[in-house]
Amino acid sequence: MLKFLPATARGAIALFLLVCNTLFWCLLLLALALVKVLLPLQAVRAVVDPALNALATAWIRCNRACLRQTQSTIWDVEGVSDLRYAGWYLVNCNHQSWVDIFVLQNALSGRIPLLKFFLKHELIYVPVIGLAWLALDFPFMKRHDRQALRKNPQLRDQDRESTKRACAKFALVPTSVTNFAEGTRFTPEKHRAQGSPYRHLLKPKAGALALALNAMGRQFHSVIDATIVYPDGVPTFWSFLCGRSQRIVLRVRQLPIPPEFSGSDYETDAAFRRSFHRWVAELWTHKDQVMDDILNAS
């Protein structure tokens, strides 16, 4: 409807609509979450958690409607038609921009249960949204550099315990546990510094995926392997709002989880760790080839 406006005007309108929409739904979320805090009972959580997820889904749908009014982006999505809104999924995706979250939500919302992301701990302080993520039981992970881990090896246990606590809550209500295994957004500088063997990806960090499988492996219906490609270049959040991404590509494939991965201990079982690393490397090799094919064809 507003696609005739200049890009900057469309971006400003889209941002305004998203902010208003976010404030509306987050206030409802926080009010309902307060019930869960005041009455920390399993029976209360069993009722409140699905209601919170329903509010979050409505928030996402309204965001999508707002963006549809201001953008003419072509969404090239394949592999989602066979997904079903039932059970639990482990979603694995590459990470290039904050826009990735909107891409996944746009394509997968309503097809599978609510996406819940592993987030950096610092994001809990984002005004309003941080509290909403907390109310929805998104796991917040603390990142420690190697020097800090050498000084205090017990820091390794913090993320492990955070993941276990989050997965215990996810087990109560059908959820799509979503992880960006690279651990950070791809940039050419990070790619060079890592010496990554992949052309378009950073090295994956398998720990969070393995912990989620350890905690919930037998509950997951399957792995949803998602690959996002931006043929026009990776957009910033602002350029995305302005509609400067002419085409966004998402390729999804649904994969079975090897039975031996469910319940295995990534930290203590060296044979499982090697096998899991090989499996993740195969996912990443396929993902890298998909990205290469799409970018070369553009």
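Observations on the structure shown:
- Wholly enclosed helices (runs of 4 or more DSSP H) of the range 178-282 bearing at least 1 residues within 22 Å of Lys142 (Cβ to Cβ): 188-194, 207-216
- Selection status of Lys120, among the basic types (Lys, Arg), surrounded by 14 or more Cβ atoms within 10 Å (Cβ to Cβ) and under 15 Å from the mean Cα position of the chain (by Cα): no
- Residues in the range 239-250 that are surrounded by 15 or more Cβ atoms within 10 Å (Cβ to Cβ) and more than 21 Å from Thr178 (Cα to Cα): Ser239, Phe240, Leu241, Cys242, Gly243, Arg244, Ser245.
- Hey, Gly263 in contact (Cβ under 8 Å) with a residue 24 or more places away in the chain, on the phi > 0 side of the Ramachandran plot and surrounded by fewer than 19 Cβ atoms within 10 Å (Cβ to Cβ) or not: yes
- Unmet criterion (only one of (1) more than 21 Å from Ile124 (Cβ to Cβ); (2) out of contact with any Gly (no Cβ under 9 Å at 6 or more places or on another chain)) for Leu38: (1)
- Residue count for the range 42-84, restricted to those that are β-branched (Val, Ile, Thr), more than 18 Å from Val99 (Cα to Cα) and either more than 18 Å from the chain's Cα centre (by Cα) or at pLDDT below 90 (or both): 3
- Failed item, numbered, when Ser222 is tested on (1) within 30 Å of Ala12 (Cα to Cα); (2) in contact with a strand residue (DSSP E or B) (Cβ under 8 Å, 6 or more places away or on another chain); (3) of a type in the set (Ser, Thr, Tyr): (1)
- For Ala56: the one exception among (1) within 30 Å of Val280 (Cβ to Cβ); (2) out of contact with any helix residue (DSSP H, G or I) (no Cβ under 8 Å at 6 or more places or on another chain): (2)
- Picking from residues in the range 172-187 that are closer than 19 Å to Ala107 by Cβ and among the aliphatic types (A, V, I, L, M), the one that is farthest from the chain's Cα centre (by Cα) is Ala181.
- Index of the failed condition, Ser72 passing every other in (1) loosely packed, with under 12 Cβ neighbours inside 10 Å; (2) under 14 Å from Ala135 (Cβ atoms); (3) touching a residue at least 60 places away in the same chain (Cβ under 8 Å): (2)
- Condition check for Trp279: under 30 Å from Ala86 (Cα atoms) and in contact with a Pro (Cβ under 6 Å, 6 or more places away or on another chain): no
- Scan of the range 124-178 for residues that are of a type in the set (Ser, Thr, Tyr), surrounded by fewer than 16 Cβ atoms within 10 Å (Cβ to Cβ) and modelled with pLDDT of 90 or more, ordered by number: none
- Hits in the range 42-62 - residues which are surrounded by 15 or more Cβ atoms within 10 Å (Cβ to Cβ), touching a residue at least 60 places away in the same chain (Cβ under 8 Å) and over 12 Å from Leu114 (Cα atoms): Arg45
- Scanning the range 21-35 for residues that are free of Cβ contacts under 8 Å to residues at least 24 places away in the same chain and either over 18 Å from Thr57 (Cβ atoms) or not hydrophobic (A, V, I, L, M, F, W, C) (or both) gives Leu34, Val35.
- Which listed residue, of Ala215, Ala208, is within 15 Å of Asn92 (Cα to Cα), at pLDDT below 90 and either of a type in the set (A, V, I, L, M) or in contact with a His (Cβ under 7 Å, 6 or more places away or on another chain) (or both): Ala208
- Picking from residues in the range 1-20 that are loosely packed, with under 13 Cβ neighbours inside 10 Å and among the β-branched types (Val, Ile, Thr), the one that is nearest to Asn63 (Cα to Cα) is Val19.
- If you go through the range 273-298 and keep only what is among the hydrophobic types (A, V, I, L, M, F, W, C), without any contact (Cβ under 8 Å) to a residue 60 or more places away in the chain and more than 20 Å from Gln254 (Cβ to Cβ), you end up with just Ala297.
- Strands (runs of 3 or more DSSP E) contained entirely in the range 42-120, each with at least 3 residues that are on the phi > 0 side of the Ramachandran plot: none
The values are calculated or read from the model by the stated rules, or taken from the named source; none is laboratory data. Model, not experiment: these values are computed from the prediction. Using ideal geometry, Cβ is built from the backbone for each residue, glycine included, and neighbour counts are taken over all protein chains shown.
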